[in-house]
Amino acid sequence: QVQLVESGGGLVQAGGSLRLSCAASGSIFSINTMVWYRQAPGKQRVLVAAITSGNATTYADSVKGRFTISRDNVKNTVYLQMNSLKPEDTAVYYCDAVLREVGSTLFRNYWGQGTQVTVSS
C-alpha cells in the first residue's frame with residue numbers, strides 16, 4: 001500500500017518561511033513527477049510547483065522566485081521551500097506523485113492528505 005504523508009505546515013507571519021515535506025512509502029518501484037498543489041477556502045485546487053524524475057521544475061507564476069521544489073530520490077521525498085510568504089499563500093497544500101508500484105506496469109497518481117499553511121498579515 002502506497003502512502004504519501006505531508007508535513008511542515010503551520011502558522012507563520014507574512015515574510016516568513018516554511019518547508020513542506022512529502023514522503024512516499026510502500027511498495028514503490030519508481031516515481032515520475034512529484035507535484036505540490038494548494039487549495040484555498042472556496043477556491044479550486046491549483047498547481048504550485050512540479051518536479052520531474054530528471055529534476056526539471058515548473059512553478060506557478062504567483063510563487064516564482066519565492067518557492068523552490070526539490071526531491072530526494074533515495075528517500076522518495078519531495079520538498080517545497082517557501083520563502084517571503086504572503087497571506088494569499090494561505091491554503092491546504094497537497095502533494096501528488098505519479099508512481100509505479102512494485103509488480104505493476106502502470107503509473108498512477110497518489111495524493112497526500114494535505115497540510116495547512118496559514119500566513120498572517
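Below are the figures for this structure:
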| read-out | value |
| --- | --- |
| Candidates Leu11, Leu20, Leu47: whichever shows maximal mean-square fluctuation once the chain is modelled as a Gaussian network with Cα springs under 10 Å | Leu11 |
| For the chain, share of DSSP beta bridges that run antiparallel, in % to the nearest 5 | 90 |
| Additional length obtainable on full extension of the chain from Leu11 to Asp61, 0.36 nm per residue less Cα span | 15.7 nm |
| Total formal charge among the other residues, if their Cβ is under 10 angstrom from that of Ala91, Lys/Arg +1 and Asp/Glu -1 | +1 |
| Computed log₁₀ I(q)/I(0) - Debye formula, equal Cα scatterers, no solvent, the chain, q 0.17 Å⁻¹ | -0.79 |
| Sparse-neighbourhood loop sites, chymotrypsin sites (Phe, Trp or Tyr not before Pro) in the range 26-121 - DSSP loop, at most 13 other Cβ within 10 angstrom | none |
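Where a number appears in this text, it was derived from the coordinates with a stated rule and is not lab data. Computed from a predicted structure; not experimentally measured. Heads up, the Cβs are rebuilt from the backbone with ideal geometry, glycines too, and the neighbour counts pull from every protein chain shown.
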